[in-house]
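The values are calculated or read from the model by the stated rules, or taken from the named source; none is laboratory data. Keep in mind it's a predicted model, so treat the numbers as computed, not measured. In this analysis, Cβ positions are derived from the backbone assuming ideal geometry, glycine residues included, and neighbour counts consider all displayed protein chains.
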Amino acid sequence: MSGLEPRGFRWVIAGRLAVSERIGGYGFQHRRVRREEEIVWLKEQGINSVVSLLASNQNRAAYETAGFAFRSVPVDGDPEEVEEVEVVFSTLDEALGEPGASVLMHRDIIDDTLSGILAGYLVHSGMVQDPIVATSVIQEIVGRPMGPAGRRLIPTAG
């Protein structure tokens with residue numbers, strides 16, 4: 001196996017939906033060579049689509065050159081309510097609805113917002129009915145607790 005595993009890479013839904021920090025690192029840590037190595041690794045894992053929550057289209061050209069489908073849903077700052085992330089849920093529905101799709105979703109870092117969106121998506125999609133269980137599942141997957149900023153992004157089932 002070649003390439004370099006992206007920081008924080010975890011499967012949320014095995015083989016279908018993964019999460020990581022921004023490919024290549026973020027801010028002053030971003031490195032083109034690291035990004036290229038991480039893209040190689042992602043392709044080897046079967047990833048073929050990227051949903052970026054960054055405020056700009058950073059890395060878009062690199063993703064498209066590598067053959068990934070690319071979708072951008074800017075989530076700037078910390079959303080306050082579920083309604084503000086409904087577009088992310090719809091975008092994930094669309095991306096995962098493609099035949100054979102294996103999607104990576106990322107933001108600069110794995111924070112409460114990204115964790116809340118992931119837990120919210122589990123409830124939105126019907127894979128998990130209980131928001132408390134969804135919170136627990138995502139906390140276990142990403143290996144960090146989720147604070148109030150993330151918890152308020154999880155819809156109630158029903």
- Of all residues making up the range 53-90, the number that are among the polar types (S, T, N, Q) and farther than 19 Å from GLY25 by Cα: 1
- Query: Does SER90 satisfy being of a type in the set (S, T, N, Q), more than 29 Å from GLY67 (Cα to Cα) and either modelled with pLDDT of 95 or more or surrounded by fewer than 17 Cβ atoms within 10 Å (Cβ to Cβ) (or both)?
  - Reply: no
- Message: Condition (residue is out of contact with any helix residue (DSSP H, G or I) (no Cβ under 8 Å at 6 or more places or on another chain), crowded, with 17+ Cβ neighbours inside 10 Å, modelled with pLDDT under 95 and closer than 22 Å to TYR121 by Cα) applied to the range 58-66: is it met by at least one residue?
- Response: no
- Task: Any residue in the range 32-49 that's closer than 23 Å to PRO99 by Cβ and free of Cβ contacts under 8 Å to residues at least 40 places away in the same chain: show its pairings with residues that are in a loop (DSSP other than H, G, I, E, B) and among the small types (Gly, Ala, Ser) at Cβ separation under 6 Å, as long as the two are six or more apart or on different chains.
- Result: ILE39/ALA66
- Task: Find all pairs meeting these conditions: Cβ atoms under 9 angstrom apart; at least six residues apart or on different chains; first residue within the range 119-133 and surrounded by fewer than 22 Cβ atoms within 10 Å (Cβ to Cβ); second residue of a type in the set (D, E, K, R) and assigned to a helix (DSSP H, G or I).
- Result: SER125/ASP93; PRO131/ARG151
- Task: Could you check, for the range 22-37, whether at least one of its residues is within 25 Å of PRO148 (Cα to Cα), small (Gly, Ala, Ser), in contact with a helix residue (DSSP H, G or I) (Cβ under 9 Å, 6 or more places away or on another chain) and surrounded by 13 or more Cβ atoms within 10 Å (Cβ to Cβ)?
- Result: no
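Matching residues to (1) of a type in the set (Phe, Trp, Tyr); (2) farther than 20 Å from GLU38 by Cα:
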| site | (1), (2) |
| --- | --- |
| SER72 | no, no |
| GLU86 | no, yes |
| VAL103 | no, no |
| TYR121 | yes, yes |
- Message: Looking at the structure I just gave you, is ALA69 among the small types (Gly, Ala, Ser), surrounded by fewer than 19 Cβ atoms within 10 Å (Cβ to Cβ) and in contact with a helix residue (DSSP H, G or I) (Cβ under 8 Å, 6 or more places away or on another chain)?
- Response: yes
- Message: Looking at the range 93-102, can you tell me whether even one residue there is at pLDDT below 95, among the aliphatic types (A, V, I, L, M) and out of contact with any Pro (no Cβ under 7 Å at 6 or more places or on another chain)?
- Response: no
- Task: Kindly provide the set of residues from the range 50-71 that are of a type outside the set (Phe, Trp, Tyr) and under 22 Å from PRO99 (Cβ atoms), ordered by number.
- Result: VAL50, VAL51, SER52, GLU64, ALA66, GLY67, ALA69, ARG71
